[in-house]
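Have a look at the structure below, then the notes.
Where a number appears in this text, it was derived from the coordinates with a stated rule and is not lab data. Only a predicted model underlies this, so the values are computations on that prediction, with no experimental measurement involved. Cβ sites come from the backbone with ideal geometry, for glycine too, and all protein chains shown count toward neighbours.
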């Protein structure tokens, strides 16, 4: 009589029952390792040049107030005023909160949708740089169609171009 040892690995035949070779998989328990605090600090120091992680970037938080029933947004005109002062947005830039019946997908004539996170998380500034406007035009996008990560990438490329003293064209944004 033969006996078999149980294994935690799941092996499948080269051809699975569904006929799709992509569904073949091996399940192996994940190994976890303890890392000494000194090693963590050495890794972080080598990666970032300092032992402690950088602090979270401060930005003004929206006050917890009752929602205004006439507005279709959680952002209030008072908070927009705070953001304008904090980010030093020119008075020539008009911020407007949507009212009931209006939609962010269809802003009024002469306006575009700018999400609060574009200011607080991306540090977007006004006027929006011409290179970004041209790139969005080339890709037939509006700025409101970008998510936060995409806008951070656009602004990162723009800042890098300043640091490297480069002129940008819409082609430079092709890979994003």
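Full-extension gain between residue 153 and residue 64, please, as 0.36 nm times their residue separation minus the C-alpha to C-alpha distance.
Extra length available between residue 153 and residue 64 comes to 29.0 nm.
Among 124, 166, which comes first, then next, by fewest other beta-carbon atoms within 10 Å? Walk me through the numbers on the way to the answer.
Details: 124 21, 166 12.
So the ranking, lowest neighbour count to highest, is 166, 124.
Based on alpha-carbon atoms only, what is the radius of gyration of the range 101-176 relative to the globular estimate 2.2 N^0.38 Å?
For the range 101-176, the normalised Cα radius of gyration comes out at 1.13.
With r as the distance between the Cβ atoms of residue 140 and residue 164 and R0 = 35 Å, compute the FRET efficiency 1/(1 + (r/R0)^6) and round to 0.05.
After rounding, the FRET efficiency stands at 0.80.
Which order, highest average first, do 148-158, 105-115 follow once you tally other Cβ atoms within 10 Å for each residue and take the mean per peptide?
Final packing ranking: 148-158, 105-115.
Relative contact order for the range 128-176: what percent, with Cα pairs under 8 Å and sequence separation of 6 or more? Before the final figure, lay out each step's value.
Details: 23 pairs, mean separation 25.6, N = 49.
So the answer I get is 52 percent.
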